Amino acid sequence: MFDVHAAWRWLKLAALGALALPVASCMSQVVKNPSPIPPPQAVSQAYVIEPGDDLDIRFFYNPELNEEVTVRPDGDISLPLAGQVRAAGLTPTQLEDSLKGKYSQELRQAAITVMVKGIAGQRVYVDGEVGQPQMVSIPGNLTAMQAIASAGGFKQSARKSEVLVIRRNGTQRPIVIPIDLEKTIRGVDTTQDIQLQPYDIVFVPQSKIGEVNDFIDQYFRKNVPIPFGVGYSFF
């Protein structure tokens, strides 16, 4: 005998199951266990001297040669007996070694110490599809997301998945680091939110960038938004 009540219960269960399928499908796209935000890492790398820094240079056995100098915009300093010496781009220890080599022929004991007394303003530039393109000061550790937030955040037209960090890599020719901040926002990969370095440029594009090298060349030729530090060059 046909059981109407049993059939009705079966139809309700089937309907609920059909409704659950799209819900489960939607839930599968949600990040249930996003990557945890890594703890701040201690800055282990030595400080790199930049233009505008104030240096105190001490000669242990020849105090008459002691000098307090400011690194010029071209990255050099002027010292007695040594003349023009490159300082920008070096750590204090590297500059000490350079000076020891230059003074070893003039002094019997070239015991030299370099101390950084004043640090020039360390800044990055945020440009592209952000609220207010601007220079952002680096008070300490600063990530790409923090810099973009300081510049007014992303515009609706921003391509968050293809942000470029343009960085000077110890030379005048920059390197380009593509980062996917869409993954960071979704919690899929927080390592994309990299820590910035002084004089980095964070560029948020509006559309997909095809040839990165051509874009960078055109960007610097037309915009050149960095009036500080040792400049960039493509030649």
Give me the pairs, please: first residue somewhere in segment 132-146 and closer than 13 Å to Leu196 by Cα and in the same structural domain as Ile179 (by TED's automatic domain parsing), second residue anywhere and polar (S, T, N, Q) and part of a strand (DSSP E or B), beta-carbon distance under 6 Å, and either six or more positions apart or on two chains.
Asn141/Gln195; Thr143/Gln195
Residue pairs meeting the criteria (Cβ under 6 Å; at least 6 apart or on separate chains; first over 19 Å from Ile216 (Cα atoms), in segment 183-205; second at pLDDT 90 or above and among the acidic types (Asp, Glu)):
Lys183/Asp189; Thr184/Asp193; Gln192/Asp180
Pair list, Cβ < 6 Å and 6+ apart or interchain, from segment 83-112 residues that are not assigned by TED's automatic domain parsing to the domain that holds Val69 and among the β-branched types (Val, Ile, Thr) to residues that are part of a helix (DSSP H, G or I) and surrounded by 17 or more Cβ atoms within 10 Å (Cβ to Cβ):
none
Taking segment 173-213 and the residues there that are under 26 Å from Ala120 (Cβ atoms) and exposed (fewer than 13 other Cβ atoms within 10 Å of the Cβ), the one that is farthest from the chain's Cα centre (by Cα) would be Arg173
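The values are calculated or read from the model by the stated rules, or taken from the named source; none is laboratory data. This is a predicted model, so every value here is computed, not measured. No Cβ is skipped: glycine too gets one built from the backbone with ideal geometry, and neighbour counts run over all protein chains shown.
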